[in-house]
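One structure is given here, and the rest of the page talks about it.
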Amino acid sequence: RDFNERCAQCSEVNWGLTDGGRFYCRSCHNVTERTREVVNTDFITNSRVQTISKGLGKQEKNDGGCEWYICEGFQLVLKKQAEALEALGVCPQMKDEILCNFWRCYLQKSKQAYCKRPAGETVKALSVCESSTDVDSDPERPSLLHLLSLSESEGDLQTDCSFASSVSKVSESTSVYSGSVDGSLYLMKNQKEKLRMTMPMTLSFCYMALLWLREPITLSELLRFVVEGHIPYLNVFQHFPEKMKLCGLDLRIFCVESWPVYEEVFNKMHELAAFLDLPRFPDITDSCFLHPDMLCMKYLMEANLPDELHNWTCRVVKKIGIGEVDFLTLMPGNKSTRKVKYDVLAAAVIVVVLKLLFLLDDHYEWLLSEFAEERNKSNTEGGPYFEFKKWYEMVKQSLDVKQKKLDEERAKSLWRCEKPLFYSVKNKSKVLKRRQMVVNLQNQFGKLSGSVRCAEKPNPSSFQLSWSEENTDGSCFHGHSLKGVLQEKCGLLTAMNPDYWLCTVKLCNEKLCGHLAHYREVEFPQSYHFILGLFSFLLRIQPSYIHDEVCMIEHKLFNKKLYKKLKYNTVLRK
Amino acid sequence: SSHEHKLNFRKSKEACLSYIQDALLQKQWKRAAEFLTCYVESLEKDYSREHIGPSEMIWRVGTEILWHHPQSSMKEFNCFMEQMKTLGVKRYLKVCLEHVFHLLCNGQIDEAYQNLSLAESWRFGEQTAIQDKEMKLIEAYRGLLDYYSWSKQKNILLENSEDGFSDLAVEQEMHGYFRKAAVNLKEIIKIPGVWDVFVKCYVDLLEFYGDHNEARQVLNEYAYNSKFPANPNAHVYLYQFLKRQGESKKSLISALKILHDIVPSHELMIDFNTMLQKSKKRKKRRLGLEVIFAALDYAGWKENAKAWSCLARQVKQIVISEKHLDWIKQEWNSRKDWWPAFHFSRYLAKRNWQENKSLSYEKALVAGILLGKGCKYFKYVSRQGCKAQLKRFRMLKRFVNRHNPVYLRISG
């Protein structure tokens, strides 16, 4: 390419690029400190970074390890995740182009590679004394010891006493702190400025790429696949090559002890999109999977609700304008538009529609159900009318079974993996002994468990609950009619239910308290709780998130009436 | 926004543990094992801030499962215990001790002894001092097993001497066990606590070798030293010892007095009452009446013919002598509201008559005196008895009729 210097070792001009963006000589595998300068900041769609096996071209250390950087680790993680997604059916473009380019852009923007020498940072070993001249001597920068005592929400990786006490005795060798070259440096970086990479953020990258390509996977599905093990996340570092030794502070970066939370991944994704200065994402139109009309159809099916409800969801979507391209499409950096959670939004629309038609005040829906039951008994011609009661019983039964199973699986989930993790060499034998004991105990009690614990992961499926119309037992409600709850007025079908109750009269300020409304503090009808619980299970998120969206939709829907009658009513007549 | 609902390692293990506990409560050993298999990896995390760490949990839960699971064997159990011993040095002796208990329950005396000896020789820096109490217990139990061996040797010796043989070797061994046992047993009973089995064995040894003074001292300490927790058995042991020694009624009575205070329903109350009734001192006789009434307050004594006969005898004697009727009145005062339904219902009359004629006889006597000849219990039983032409019932009827005015004075 454009780098024409002669190699210092072999005098050849035959250069390639490592993953870290450094030049290496293809003849003798000598790695330089020079990095490739990027001329423009647009997407590099045609360049292909050649990967080399980690063993070559890197300085080999005594223990058979090599020098590696944290971002190389993350790159491997992303690669694995992208491969998994491809195996699930996502188009290969995601892995080969989109994700790749996003990542490179990130590396460049955060000055970890593809740019002039990273500001102020060298990759020399971090010496013990905090006032090292190599590192930016920022008095506010937390010391290593301070970092160790910080407790993030996860785990107790830092409470290993032997680790903390050994820091003060350690020499210049970085292998005690971290297997990576810049592990400690990485943790000490100021997070706010450069959007430091974390494990949950890898999922933000994935989701961002999926959104760009408008793939039919919602964020809740993505996270569910992660928990179910179809997408590497938990112990993904065990797939790092042998030579990339992981220990010490690396563990804090790569070992997770909790499952990623929707909000966290979602918010990070938006931060990332803005950070990378991405342009407007490809349009989400009404033929996209992520469009509320589409998602509503899917969720209605999964919730075993009548197909006819789809007309109503479409009407609501249209009325409040949440089906518009400009509303749905992501415009990074635009602070004024509300960020769209496609899956939660669709679920919330369904909830609102159910409230519109059935009121869900713990009385009316049962009343309607009784009428429908009467009608169904006496008139078996034509399709059955939808009976809320029957539907409730059916769905509740299935839901309870699934929920119980999910709870048990969560309790049985294994977090550790075969690859042993230790902070320092001192720690190693203790860790290995413990691991051995754990394996022994697992064998001993595993034999007494009776049923063989199936190592097979369940096949990934988009639908968690499925109902077949072919079943003659009447368990499927898709084809049921809403006639029992509708009436004709002026040639138009409207709900028989004249009332509606608002979840909240006034929306909170999201920026101040984090929520639009407060689900837990108010008592709502049991039916409402049930419906929220159903979607909470399907999307694997807290019901309060759905509740927030419901409030938002209601306020858009009843906008005019609200401003008129704000002081007097909480129950409105439509 | 806070993520307290976040599912993490700790929460997942907490949930796992509660599933294990539920399974244990319902005796679903397979299910408990299944979840324990998933729980054990918590050993790889640091829980030093928790009150009960995973290693202790695993020890306790695992012990239960392996002890009860149908497919588990003693071999597996022992293997598990050995692993648990290495897990927590602060718990080492406790684990050893519990292991020994299980071995004893399984009849593996020799293995238990080996384990105790091994544990006794354990030293671990300052832990040895900290776990001093457990060490004493271990020594005490080894002493107990030594006693058990001594006892076996003693029996062999006695058998042999009956046959005319004398075996010096056996005798020497026996004495050896005695010395070993005595040392350890003596140590543990110095510490305030409930040491029934150790005390009994130690006293047995002392008595055999004729050291009655020491035995008496030990038992007195055990019963009367206020530092020791109140223990009815201590008084029982003392009483039994004094009886064996042929002590005077006076000291026997004094030994049982506290027992009556602590456990008025104790089976020895019959002996107590019998002794007291016969006493020349009025106070003692009075106490005797109190004792027997108090014992019969308890449901467990309802059908005890001996107790009723004691009461009947004493009541009869008082009535005949016409002295101290006020004693009966005093005792009856707090009981007249509920004893009739409790002891003297018509239903009980029928049942007692059917099942145990002597019981019904004694009770009828008491009922007749306390409630008069009109009381249903007495009427039913005496009629049945007379119908069956049993002499003593005829005499009973006559007796009660004759002394009916007594009832009036008592109940007034």
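The values are calculated or read from the model by the stated rules, or taken from the named source; none is laboratory data. What you are looking at is a predicted structure, and each value in this text was computed from that prediction instead of being measured. No Cβ is skipped: glycine too gets one built from the backbone with ideal geometry, and neighbour counts run over all protein chains shown.
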| task | With respect to A:THR337, determine if the residue is under 18 Å from A:HIS555 (Cα atoms) and modelled with pLDDT under 95. | result | yes
| field | Search result, residues across segment B:49-64 that are of a type in the set (Gly, Ala, Ser) and within 11 Å of chain A (Cβ to nearest Cβ) | value | B:SER55, B:GLY62
| said: Looking at A:LEU414, A:LEU399, A:LEU448, can you tell me which residue is more than 30 Å from B:THR86 (Cα to Cα) and surrounded by 14 or more Cβ atoms within 10 Å (Cβ to Cβ)? | reply: A:LEU399
| helices (runs of 4 or more DSSP H) completely within segment B:243-312 that count 2 or more residues being without any contact (Cβ under 8 Å) to a residue 12 or more places away in the chain and small (Gly, Ala, Ser) | B:249-262
| said: For B:ASN115, only one of the following conditions fails: (1) within 18 Å of A:GLN436 (Cα to Cα); (2) without any contact (Cβ under 8 Å) to a residue 24 or more places away in the chain. What is its number? | reply: (1)
| query | If A:HIS480 passes every condition in (1) touching a Pro at 6+ places or on another chain (Cβ under 6 Å); (2) surrounded by fewer than 17 Cβ atoms within 10 Å (Cβ to Cβ) but one, which one does it miss? | reply | (2)
| Of all residues in segment A:374-418 being within 12 Å of chain B (Cβ to nearest Cβ) and basic (Lys, Arg), the one that is nearest to A:GLU302 (Cα to Cα) | A:LYS404
| query | On the given criteria, is A:LEU305 over 19 Å from the mean Cα position of the chain (by Cα), surrounded by 17 or more Cβ atoms within 10 Å (Cβ to Cβ), assigned by the TED database to the domain that holds A:PHE205 and farther than 15 Å from A:THR218 by Cα? | reply | no
| What are the residue pairs meeting all of these: first residue in segment A:244-262, first residue within 10 Å of chain B (Cβ to nearest Cβ) and surrounded by fewer than 21 Cβ atoms within 10 Å (Cβ to Cβ), second residue in a helix (DSSP H, G or I) and modelled with pLDDT under 90, Cβ atoms under 6 Å, and 6 or more apart or on different chains? | A:GLU257/B:PHE9
| Selected residue (criterion: nearest to B:GLY176 (Cα to Cα)) from residues of segment B:207-220 that are in contact (Cβ under 8 Å) with a residue 24 or more places away in the chain and part of a helix (DSSP H, G or I) | B:PHE208
| query | Between a first residue in segment A:406-419 that is outside the structural domain of A:PHE254 (by the TED database) and a second residue that is hydroxyl-bearing (Ser, Thr, Tyr) and assigned to a helix (DSSP H, G or I), which pairs have beta carbons less than 6 Å apart while being 6 or more apart in sequence or on different chains? | reply | A:ARG410/B:SER12; A:ALA411/B:TYR19; A:SER413/B:SER12
| query | Can you tell me which residue in segment B:65-103 is farthest from B:LEU145 (Cα to Cα), limited to those that are more than 9 Å from chain A (Cβ to nearest Cβ) and β-branched (Val, Ile, Thr)? | reply | B:VAL89
| request: Inspect all residues belonging to segment B:138-160 and state whether any of them is of a type outside the set (A, V, I, L, M, F, W, C), out of contact with any His (no Cβ under 6 Å at 6 or more places or on another chain) and closer than 30 Å to B:LEU25 by Cβ. | output: yes
| task | Considering only residues that are touching a Lys or Arg at 6+ places or on another chain (Cβ under 7 Å) and buried (at least 16 other Cβ atoms within 10 Å of the Cβ), look in segment A:483-517 and name the one that is farthest from A:GLU308 (Cα to Cα). | result | A:TYR500
| task | Go through (1) touching a residue at least 24 places away in the same chain (Cβ under 8 Å); (2) among the hydrophobic types (A, V, I, L, M, F, W, C); (3) within 20 Å of B:GLN317 (Cβ to Cβ) and name the single condition B:CYS375 misses. | result | (3)
| Quick one: is A:PHE266 within 30 Å of A:THR285 (Cβ to Cβ), within 14 Å of chain B (Cβ to nearest Cβ) and touching a residue at least 60 places away in the same chain (Cβ under 8 Å)? | yes
| message | Give me the residue from segment A:518-536 that is crowded, with 17+ Cβ neighbours inside 10 Å and under 24 Å from the mean Cα position of the chain (by Cα) and, out of that set, nearest to A:LYS402 (Cα to Cα). | response | A:LEU534
| request: Find the helices (runs of 4 or more DSSP H) located wholly in segment B:1-100 whose residues include 3 or more that are under 26 Å from A:PRO420 (Cβ atoms) and free of Cβ contacts under 8 Å to residues at least 24 places away in the same chain, and list them. | output: B:9-25, B:29-39, B:74-87
| task | Return the only residue of A:TYR519, A:TYR545 being touching a His at 6+ places or on another chain (Cβ under 6 Å) and within 14 Å of chain B (Cβ to nearest Cβ). | result | A:TYR519
| remark: Among A:ARG224, A:ARG214, the single one that is on the phi > 0 side of the Ramachandran plot and either part of a loop (DSSP other than H, G, I, E, B) or within 12 Å of the chain's Cα centre (by Cα) (or both) is A:ARG214
| Do any helices (runs of 4 or more DSSP H) entirely within segment B:102-194 hold 1 or more residues that are within 26 Å of the chain's Cα centre (by Cα), crowded, with 17+ Cβ neighbours inside 10 Å and β-branched (Val, Ile, Thr), and if so, which? | B:132-163, B:168-188
| request: Could you grab me the full set of residues in segment B:221-235 that are aliphatic (A, V, I, L, M) and either touching a residue at least 60 places away in the same chain (Cβ under 8 Å) or within 12 Å of B:VAL199 (Cα to Cα) (or both)? | output: B:ALA223, B:ALA234
